[in-house]
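Have a look at the structure below, then the notes.
The values are calculated or read from the model by the stated rules, or taken from the named source; none is laboratory data. Since we're looking at a predicted model, the values are computed, not measured. In this analysis, Cβ positions are derived from the backbone assuming ideal geometry, glycine residues included, and neighbour counts consider all displayed protein chains.
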């Protein structure tokens, strides 16, 4: 995936890459919708197939489209076939980790935006035009931080729920009995490395850490709503992954594979190789 360029629309972070592809998951979330709702429409699929032929001389999707045309769209198996066909056009890509979500080719972005909002359609067209012409604004760390971070912390609410810690406890073999007395320090390192640092730009994470230092506040209290949503989705992903791992080594390897981030060798010490360490942290 090419360089990610963050924009902001009506207070909502929207990610493009420098080739004009747009993160449809970001966009749909602003309007309370899902990209699949649009991709599973027959008219959308037909457009994707014809566009794929025009752009890539790819006639296979149109042949598959003819087979799907007579099927019941609301049938679960048909909808699954539609999504597979949409991805086969080369115009839709899905990614995990820091690039997570469904990404749409720039020639689909405006059509998708029209499905959401006329105002957003026009805004989207303007951004893509700027990207393609190479006239997009420069995104300094300060500007990126402003997209993701609040000036002041919001009231603390529990963001990291028990299933997350229970999954880490089962995977690592470290005890977890609620937050009374604190949680193992390994959990905090996992939270930093595989939750925050996966979904937040480096400058955002560094600025948030600086803001909470010595204050008793938590990083998520400084995140804007959409950034907190990214963290919550990553929490779910890590919880599911941890529940399927046999031990910490397995977990670390799967995280590297799933989230596209090279392991920081030597940063984490396996629990079996040291005494338990606890920090009374409220996440």
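Of the numbered conditions (1) exposed (fewer than 15 other Cβ atoms within 10 Å of the Cβ); (2) in a loop (DSSP other than H, G, I, E, B), residue 20 satisfies every one except a single condition; which is it?
Condition not satisfied by residue 20: (1).
Please go through region 162-189 and give me each residue that is without any contact (Cβ under 8 Å) to a residue 60 or more places away in the chain and within 16 Å of residue 232 (Cβ to Cβ), ordered by number.
Listed by number, the residues that qualify are 162, 165.
In this structure, is residue 34 over 24 Å from residue 200 (Cα atoms), in contact with a helix residue (DSSP H, G or I) (Cβ under 6 Å, 6 or more places away or on another chain) and free of Cβ contacts under 8 Å to residues at least 60 places away in the same chain? Don't jump to the end; show me each part of the working.
On the way: over 24 Å from residue 200 (Cα atoms): no; in contact with a helix residue (DSSP H, G or I) (Cβ under 6 Å, 6 or more places away or on another chain): yes; free of Cβ contacts under 8 Å to residues at least 60 places away in the same chain: yes.
When the stated conditions are applied, residue 34 does not pass them.
Out of region 72-100, which residues are modelled with pLDDT of 70 or more and assigned to a loop (DSSP other than H, G, I, E, B)?
Of everything in region 72-100, those that are modelled with pLDDT of 70 or more and assigned to a loop (DSSP other than H, G, I, E, B) turn out to be 75, 89, 90, 91, 96, 100.
Pairs please, first residue from region 133-153 and more than 21 Å from residue 26 (Cα to Cα), second anywhere and at pLDDT 70 or above and surrounded by 15 or more Cβ atoms within 10 Å (Cβ to Cβ), Cβ atoms under 7 Å, 6+ apart in sequence or on different chains.
Note: pairs meeting the criteria are 153/217; 153/221; 153/222.
Regarding residue 37, is this residue closer than 30 Å to residue 224 by Cα, over 22 Å from the mean Cα position of the chain (by Cα) and assigned to a helix (DSSP H, G or I)? If you could, list the steps in order and put the result at the bottom.
Numbers: closer than 30 Å to residue 224 by Cα: yes; over 22 Å from the mean Cα position of the chain (by Cα): no; assigned to a helix (DSSP H, G or I): yes.
Here the answer is no, as residue 37 does not meet what is asked.
Could you check region 1-49 and list, in sequence order, the residues that are closer than 16 Å to residue 81 by Cα and in contact with a strand residue (DSSP E or B) (Cβ under 6 Å, 6 or more places away or on another chain)?
Result: 35, single match.
Kindly check whether there is at least one residue in region 228-243 that is under 21 Å from the mean Cα position of the chain (by Cα), buried (at least 22 other Cβ atoms within 10 Å of the Cβ) and closer than 12 Å to residue 149 by Cβ.
no
Tell me which helices (runs of 4 or more DSSP H) are completely within region 103-218 and hold 1 or more residues being at pLDDT 90 or above, out of contact with any helix residue (DSSP H, G or I) (no Cβ under 9 Å at 6 or more places or on another chain) and surrounded by fewer than 19 Cβ atoms within 10 Å (Cβ to Cβ), or say none if there are none.
Numbers: elements: 106-116, 118-133, 141-148, 162-172, 185-191, 202-212.
Per the criteria, 118-133, 185-191, 202-212.
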